[in-house]
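Worksheet: the structure to be examined is printed underneath.
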Amino acid sequence: AKKLKKYKRLGVVSQSTQMIENVQDIISILMTKAFDLHFVNTICYPTKRNHDQIKELAEKTDTMIIIGSFISANSKRLTELAKQRNKNTYQVTCASDLKKKWFKFIKSVGISAGASTPDYLIEGVANKIKEFKQKRD
């Protein structure tokens, strides 16, 4: 956005899973580049709600686990949001990606997943974390 030349009119449509903070930063820059700027907010409500919940959960828990593909923009955003608030945040694709050492000295774990992550992967991760806890106790 910073490299754009000035335009008379510009239009912006955001990806439905984009973080609102990113969109606001880009719009702020574009406001200096166009006389007439139109923005269509296509960020879906479930995405905004999920982002807000991850921010809150990451601040309350000792460790955050985000389940989702490393090529998924949505999963990467969720991981980024959690890491900004909790340095003990890890992104995994399935239960076998979990490392026992991540849970050694912690009391609470927050789990979230990308929009397209299947339920069976989420359940598998949750069950593996429970196994780690049971072996520790």
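The values are calculated or read from the model by the stated rules, or taken from the named source; none is laboratory data. Quick caveat, the model's predicted, so the values are computed rather than measured. Cβ: placed from backbone, ideal geometry, glycine included. Neighbour counts: every protein chain shown. Just the protein is used for accessible areas: all its heavy atoms, side chains included, with ligands, DNA and RNA removed. Shrake-Rupley method; radii C 1.70, N 1.55, O 1.52, S 1.80 Å.
Using amide H atoms built 1.01 Å from N in the peptide plane, name the residues 5+ places from Y7, or on other chains, whose amide H lies under 5 Å from its own.
Hits under the 5 Å cutoff: A34, F35.
So who's got an amide H within less than 5 Å of the one on A113, skipping anything under 5 residues away but keeping other chains? H placed 1.01 Å off N, in plane.
Placed amide hydrogens put I67 under 5 Å from A113.
Which entry in (i) -0.58, -1.29; (ii) -0.39, -1.22; (iii) -0.49, -1.18 matches log10 I(q)/I(0) by the Debye sum over Cα atoms at q = 0.11, 0.21 Å⁻¹ derived from the coordinates of this structure?
Correct label is (iii).
Express in % the proportion of alpha carbon pairs of the range 18-69 at distances exceeding 13 Å. Could you put the intermediate results ahead of the total?
Numbers: 913 of 1326 pairs.
Tail of P(r) above 13 Å: 69 percent of Cα pairs.
Taking chymotrypsin sites (Phe, Trp or Tyr not before Pro) that fall in a DSSP loop and have at most 16 other Cβ atoms within 10 Å as cut points, what is the longest piece of the chain between them?
Formally, the longest exposed-site-free interval is 1-69.
For the range 94-134, take N as its residue count and report Rg(C-alpha) divided by 2.2 N^0.38 Å. Provide the component values of the computation, followed by the final result.
Values: Rg = 10.4 Å, N = 41, 2.2 N^0.38 = 9.0 Å.
Ratio of Rg to 2.2 N^0.38 Å for the range 94-134: 1.16.
Find which of T61, V125, A1 sits farthest along the positive direction of the dipole of the chain, computed with +1 on the beta-carbon of Lys and Arg, -1 on that of Asp and Glu, about the Cα centre.
Comparing the listed Cα positions along the dipole, A1 ranks first.
Let's see if you can work this out: charge +1 on each Lys and Arg Cβ, -1 on each Asp and Glu Cβ, no other charges. What is the dipole magnitude of the range 1-112 about its Cα centre, in debye to the nearest 20? Provide the component values of the computation, followed by the final result.
Values: 21 positive and 9 negative charges, 80 e Å.
Dipole about the Cα centre, nearest 20: 380 debye.
Please work out the average accessible area per residue across the range 21-119, using the 1.4 Å probe convention, and give it in Å².
Values: 5810 Å² over 99 residues.
For the range 21-119, the per-residue accessible area is 59 Å².
How large a share of the accessible area of the range 27-137, in percent, is made up of carbon and sulfur atoms when the probe is 1.4 Å and the other protein chains stay in place?
Exposed carbon and sulfur together represent 54 percent of the surface.
Pick out, from F70, Q24, V40, the residue whose Cα sits farthest towards the positive end of the charge dipole of the range 18-89, with +1 on the Cβ of Lys and Arg and -1 on the Cβ of Asp and Glu.
Positive-most Cα among the choices belongs to F70.
Within the range 78-109, which trypsin sites (Lys or Arg not before Pro) sit in a loop by DSSP and count at most 13 neighbouring Cβ atoms inside 10 Å?
K87, K99, K104, K107
Can you give the percent of C-alpha pairs in the range 51-104 whose distance is more than 16 Å?
Beyond 16 Å sits 37 percent of the P(r) for the range 51-104.
Using helices alone, I'd like the mean residue ellipticity at 222 nm for the chain: each DSSP H run of four-plus residues gives -39500 (n - 2.57), total over residue count, nearest 500.
-14000 deg cm²/dmol
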